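Notes follow the structure.
The values are calculated or read from the model by the stated rules, or taken from the named source; none is laboratory data. Computed from a predicted structure; not experimentally measured. All Cβ positions, glycine included, derive from the backbone under ideal geometry; neighbour counts span all protein chains shown.
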Amino acid sequence: GNINDLTLDEAQLQLVEEIKKRTSVPIITVLVEGRPRIIRRIVDLSSAIVMMYLPGMEGGQALVDVLFGDYNPSGRLPITYPKYNHHLSTYDYKWTEVKSGNNIDVEVEFGHGLSYTTFSYSDLNVPSEINWNDQIIITLNVRNTGSRQGDHSIL
C-alpha cells in the first residue's frame with residue numbers, strides 16, 4: 001500500500017524495544033515487506049535481521065529452514081537499505097545526467113548477504129584498458145573455505 005514515511009510504525013519499533021528490555025533472548029527481526037523501511041532504532045537490538053520481501057505461502061517454512069540451519073542462505077540485497085527517510089538515492093536518471101553530492105548513510109549496502117559458510121576470492125582479472133565498445137570480462141575464483149556446502153553470488 002501507499003505510505004507517507006518509510007519509518008516502521010511506532011508500535012512495531014516499541015515492541016522490539018520492549019522485548020529487548022524484558023529478556024536476554026536474542027531477537028531475530030524478520031522483515032516481510034516490498035520496500036525498504038527505516039529500521040535504525042532496532043538494528044542494534046537485533047541479533048539478526050532477515051529480509052523476506054513478500055515470500056508467498058511457503059515463506060514461513062523457508063524462514064524456519066534458514067533459521068534452524070537446514071538451508072544455507074545465499075541471497076544478496078538487490079537494493080541499498082537506507083538509514084534515514086531522506087537518504088534515498090534516485091535511480092531513475094539518464095546516463096547522461098551527472099549526480100553528485102549523494103552522500104547518504106546506508107543501513108545495509110547493496111549486495112550484502114550472509115551465509116553459514118565462508119568464501120575466499122583469488123585471481124581477480126580486470127582488463128587494464130577498456131574501450132568504448134569493448135565487452136568487459138572480469139573473472140575471479142571463488143572457493144568455499146567453510147565446513148558447509150553453500151552457494152555464493154558475485155555481484
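A few comments on the model shown:
- Any hit, region 70-86, residues being touching a Phe, Trp or Tyr at 6+ places or on another chain (Cβ under 6 Å), in a loop (DSSP other than H, G, I, E, B) and over 17 Å from PHE110 (Cα atoms): yes
- Boolean, GLY75 is surrounded by 15 or more Cβ atoms within 10 Å (Cβ to Cβ), at pLDDT below 95 and not aliphatic (A, V, I, L, M): yes
- Across region 1-10, the number of residues qualifying as in a loop (DSSP other than H, G, I, E, B) and either touching a residue at least 60 places away in the same chain (Cβ under 8 Å) or within 26 Å of VAL64 (Cβ to Cβ) (or both) comes to 4.
- For region 2-15, a residue qualifies if it is within 22 Å of the chain's Cα centre (by Cα) and not polar (S, T, N, Q), and the qualifying residues are ILE3, ASP5, LEU6, LEU8, ASP9, LEU13.
- Restricting region 11-61 to residues that are in contact with a Leu (Cβ under 9 Å, 6 or more places away or on another chain) and in a helix (DSSP H, G or I) leaves a set whose member that is surrounded by the most Cβ atoms within 10 Å (Cβ to Cβ) is ILE42.
- Enumeration of residues in region 53-74 that are out of contact with any Asp or Glu (no Cβ under 6 Å at 6 or more places or on another chain) and touching a residue at least 40 places away in the same chain (Cβ under 8 Å): GLY69, ASN72, PRO73
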